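Structure, as structure tokens:
The values are calculated or read from the model by the stated rules, or taken from the named source; none is laboratory data. No experiment lies behind these values; they were computed from the predicted model shown. Cβ atoms come from the backbone with ideal geometry, glycine included; neighbour counts cover every protein chain shown.
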């Protein structure tokens with residue numbers, strides 16, 4: 001498995017298992033199966049509501065000798081209602097308790113969005129806190145203290161634009177190690193990848209297969225289905241591979257980590273095999289032509305009246 005390397009010698013397996021949308025009762029079995037198949041990178045988040053099951057699977061895999069803790073890369077994320085600096089460490093400690101771990105390999109600020117502490121999801125603009133009132137830099141100061149305390153080996157962000165990354169880097173004591181963003185041939189984010197390469201920030205692709213199983217309320221009636229794209233299918237047929245394998249191979253060949261979600265052991269096995277698929281120059285060129293600037297996760301949840309947040313200012317577009 002190819003890896004992303006960090007200055008302290010840590011290595012991140014580029015293909016991981018995503019756990020967003022994995023249902024209770026399924027994610028435990030999925031994580032156990034993934035580890036037995038050879039996955040060593042598991043991506044989690046407090047808001048997914050399933051970290052306790054993930055933790056049970058991790059504890060059993062480690063105690064049973066299937067894997068050592070130091071062989072695993074576990075990522076989780078700080079939710080928007082814990083952005084006050086004094087709330088950051090308690091939030092991580094809750095995640096660590098759920099995951100039954102002493103530390104995380106990577107802890108991410110899930111969104112550049114702040115919410116009131118009692119608002120898990122905002123119902124109105126009043127549930128959100130403007131970034132002028134609770135700046136990202138203040139939250140990041142709390143994140144940096146997690147590294148100082150040995151609770152997280154690396155810290156980073158998710159859903160940040162280039163402009164937001166620039167501002168954070170300017171004020172940070174510890175530079176973000178990662179930006180986890182939506183990334184696939186319909187949303188290629190070339191400028192973001194170029195910037196992150198220049199400043200030494202790694203990138204993880206979420207929804208690398210197009211997130212066709214996300215909640216219905218997040219879908220448009222006429223949205224394109226990436227896994228059914230004719231170009232992707234043609235390339236898959238030429239390589240005797242699946243469309244998912246083509247999309248994952250594309251992500252890895254661009255130097256990004258990828259975290260496809262699955263609870264099906266056979267699909268997990270197929271996804272892992274994508275690391276061995278080599279796309280040729282013609283394949284890469286054909287996939288480059290698929291750019292649509294199509295976000296499947298557009299952040300509209302936060303764009304509420306009187307909130308200070310809009311889809312445009314979230315992505316700085």
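For residue 283, the conditions (1) on the phi > 0 side of the Ramachandran plot; (2) touching a helix residue (DSSP H, G or I) at 6+ places or on another chain (Cβ under 9 Å) are fulfilled apart from (1). When 146, 134, 128 are checked against the criterion of being surrounded by fewer than 20 Cβ atoms within 10 Å (Cβ to Cβ), touching a residue at least 40 places away in the same chain (Cβ under 8 Å), more than 17 Å from residue 19 (Cβ to Cβ) and touching a strand residue (DSSP E or B) at 6+ places or on another chain (Cβ under 6 Å), a single residue qualifies: 134.
Within segment 218-231, is even one residue within 15 Å of the chain's Cα centre (by Cα), assigned to a loop (DSSP other than H, G, I, E, B), in contact (Cβ under 8 Å) with a residue 40 or more places away in the chain and farther than 26 Å from residue 6 by Cα?
Just the residues of segment 218-231 that are within 15 Å of the chain's Cα centre (by Cα), to begin with: none.
Among the residues of segment 218-231, not one is within 15 Å of the chain's Cα centre (by Cα), assigned to a loop (DSSP other than H, G, I, E, B), in contact (Cβ under 8 Å) with a residue 40 or more places away in the chain and farther than 26 Å from residue 6 by Cα, which makes the answer no.
The selection criterion, being exposed (fewer than 13 other Cβ atoms within 10 Å of the Cβ) and either within 23 Å of residue 110 (Cβ to Cβ) or in contact with a helix residue (DSSP H, G or I) (Cβ under 8 Å, 6 or more places away or on another chain) (or both), does not hold for residue 266. Per the conditions (1) farther than 20 Å from residue 149 by Cβ; (2) out of contact with any strand residue (DSSP E or B) (no Cβ under 9 Å at 6 or more places or on another chain); (3) without any contact (Cβ under 8 Å) to a residue 40 or more places away in the chain; (4) assigned to a helix (DSSP H, G or I), the sole criterion not satisfied by residue 29 is (3).
Which of the residues spanning segment 35-63 are more than 15 Å from residue 76 (Cα to Cα) and under 17 Å from the mean Cα position of the chain (by Cα)? Spell out how you get there, then give the answer.
If we filter segment 35-63 for residues that are more than 15 Å from residue 76 (Cα to Cα), which is where we start, we get 35-39, 56-57, 59-63.
Residue satisfying the conditions is 39 alone.
Based on this model, can you work out whether residue 179 counts as surrounded by 14 or more Cβ atoms within 10 Å (Cβ to Cβ) and touching a residue at least 60 places away in the same chain (Cβ under 8 Å)?
On the way: surrounded by 14 or more Cβ atoms within 10 Å (Cβ to Cβ): yes; touching a residue at least 60 places away in the same chain (Cβ under 8 Å): no.
Taking the combined requirement at face value, the residue does not satisfy it.
Just checking: which of the helices (runs of 4 or more DSSP H) contained wholly in segment 243-309 hold 3 or more residues that are within 23 Å of residue 178 (Cβ to Cβ)?
Details: elements: 243-253, 265-273, 281-288.
Correct list: 243-253, 265-273.
Which of the residues spanning segment 9-26 are modelled with pLDDT of 95 or more, at negative phi and not in a strand (DSSP E or B)? Selection gives 10, 14, 16.
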